[in-house]
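Shown next, in structure tokens, is the structure this report addresses.
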Amino acid sequence: MKYLNKILYLFVVGAILTSCDRDVIDTDLNGRTNTLFYPSASGSLFVEEGAANIFDVVVAATAVASANTPYSISIDDSSTAVEGVDYTMVSTATQLSEGDIVTSFGVMADFDNAEIAGKTVVFNLTSESSSVAETNQFTLNLIKLCPLTADFTGSYTITASTNGIFDSPTFGIGSPATLSLGASQLDRVMNAPIYPGLGSFGNMDFSFSLVCGNVIVPGGQATGVGCGSSTTLGPAATTGSFDATDDSSITVIFTDDEAPSCGTGGGPLSVEFTLTKV
């Protein structure tokens with residue numbers, strides 16, 4: 001993880017430099033040239049204990065700079081992270097040098113003050129000597145990361161459960177489940193039968209993240225089954241738990257029918273189950 005941000009930086013730079021066979025980037029900026037912009041609107045820095053925890057925010061131009069081109073960055077009021085507490089600026093060079101088409105500035109996050117739910121730093125981009133594109137704001141998510149030393153994939157069984165809507169298990173006691181890797185190293189996708197006590201509705205992909213001993217469930221996960229519209233699964237008031245060194249058992253807590261959409265007998269209902277590795 002400590003090399004992830006540098007790799008992402010090189011990837012973005014490489015994509016910019018190879019996106020066309022001329023000096024002007026092939027991007028839609030209303031025909032303007034020599035315009036500064038953020039190549040992406042957001043990024044994430046997973047903050048590890050003992051790691052450098054540095055993220056390079058890329059600033060690009062639509063043409064190779066014919067002269068040194070200064071720019072300014074400022075912290076937007078919508079930011080939830082605090083400079084000097086949650087992060088510090090480690091490189092604040094605010095100039096695109098002559099002959100360059102990309103540059104960057106660095107942000108270093110603090111592990112002790114990081115949160116598993118994440119905090120954001122929103123950077124505004126301005127320049128008095130060059131045009132600035134509409135993509136003039138970059139949001140950096142600072143997310144506390146505790147590495148997993150066990151696999152947490154493969155075949156599991158739902159060994160304990162509280163009931164969901166209509167007093168029926170959402171996934172069902174004894175139901176088979178398969179865990180696979182999700183979008184990041186901390187994300188898992190569980191494939192298991194949905195509402196088996198209410199009918200034959202097939203399987204659902206249910207996502208959660210394993211973050212520093214907490215099982216985090218994102219909201220708005222449609223079951224494809226409902227009362228006129230699909231119910232959704234999402235976070236509960238408390239989180240489930242796991243041991244990063246032992247993937248034999250995972251406790252998941254979530255909300256069934258979070259909208260709610262099923263009236264009497266429906267949610268929102270807090271549901272808990274345990275995954276036991278087969």
Next item on the list: Taking residue 45 as the residue in question, decide whether it is surrounded by 14 or more Cβ atoms within 10 Å (Cβ to Cβ), within 15 Å of residue 135 (Cα to Cα) and either at pLDDT 90 or above or in contact with a Cys (Cβ under 9 Å, 6 or more places away or on another chain) (or both).
Entry: no
Checklist line | Hey, residue 270 in contact with a strand residue (DSSP E or B) (Cβ under 7 Å, 6 or more places away or on another chain) and outside any loop (DSSP other than H, G, I, E, B) or not | finding: yes
Next item on the list: Sort through 216, 250 and tell me the only one that's buried (at least 16 other Cβ atoms within 10 Å of the Cβ), assigned by TED's automatic domain parsing to the domain that holds residue 184 and closer than 22 Å to residue 278 by Cα.
Entry: 250
Note to self: When the residues of region 101-126 are narrowed to those that are of a type in the set (A, V, I, L, M) and either not in a strand (DSSP E or B) or not assigned by TED's automatic domain parsing to the domain that holds residue 69 (or both), which ends up farthest from the chain's Cα centre (by Cα)?
What the structure shows: 101
Check: Of (1) out of contact with any strand residue (DSSP E or B) (no Cβ under 9 Å at 6 or more places or on another chain); (2) surrounded by 15 or more Cβ atoms within 10 Å (Cβ to Cβ); (3) within 27 Å of residue 49 (Cβ to Cβ), residue 240 satisfies all except one. Which?
Finding: (1)
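Is it true that residue 30 is crowded, with 18+ Cβ neighbours inside 10 Å and at pLDDT below 50? Spell out how you get there, then give the answer.
Working: crowded, with 18+ Cβ neighbours inside 10 Å: no; at pLDDT below 50: yes.
Against the criterion (crowded, with 18+ Cβ neighbours inside 10 Å and at pLDDT below 50), residue 30 does not qualify.
Would you check which residues across region 177-205 are assigned to a strand (DSSP E or B) and not small (Gly, Ala, Ser) and list them? Explain how you work it out, then say what you get.
Kept after step one, since they are assigned to a strand (DSSP E or B), are these residues of region 177-205: 177-181, 187-193, 203-205.
Across region 177-205, the qualifying residues are 178, 179, 181, 187, 188, 189, 190, 191, 193, 203, 204, 205.
Specify which of the listed residues (264, 149, 170) is among the hydroxyl-bearing types (Ser, Thr, Tyr), part of a loop (DSSP other than H, G, I, E, B) and free of Cβ contacts under 8 Å to residues at least 24 places away in the same chain. Outline the logic, then answer.
On the way: 149 fails: free of Cβ contacts under 8 Å to residues at least 24 places away in the same chain; 170 fails: free of Cβ contacts under 8 Å to residues at least 24 places away in the same chain.
Among 264, 149, 170, only 264 is among the hydroxyl-bearing types (Ser, Thr, Tyr), part of a loop (DSSP other than H, G, I, E, B) and free of Cβ contacts under 8 Å to residues at least 24 places away in the same chain.
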Check: Just a yes or no: is a residue in region 87-108 of a type in the set (D, E, K, R), surrounded by fewer than 16 Cβ atoms within 10 Å (Cβ to Cβ) and at pLDDT 90 or above?
Finding: yes
Next item on the list: Scan region 262-278 for residues that are at negative phi, small (Gly, Ala, Ser) and surrounded by fewer than 17 Cβ atoms within 10 Å (Cβ to Cβ) and jot them down.
Entry: 270
Next item on the list: Quickly run through region 137-194 and pick out the residues that are at pLDDT below 95, among the aliphatic types (A, V, I, L, M) and surrounded by fewer than 18 Cβ atoms within 10 Å (Cβ to Cβ).
Entry: 148, 160, 173, 183
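The values are calculated or read from the model by the stated rules, or taken from the named source; none is laboratory data. Because the structure is predicted, anything quoted here is derived from the model rather than measured. Reconstructed Cβ throughout: ideal geometry from the backbone, glycine too, with neighbour counts over all protein chains shown.
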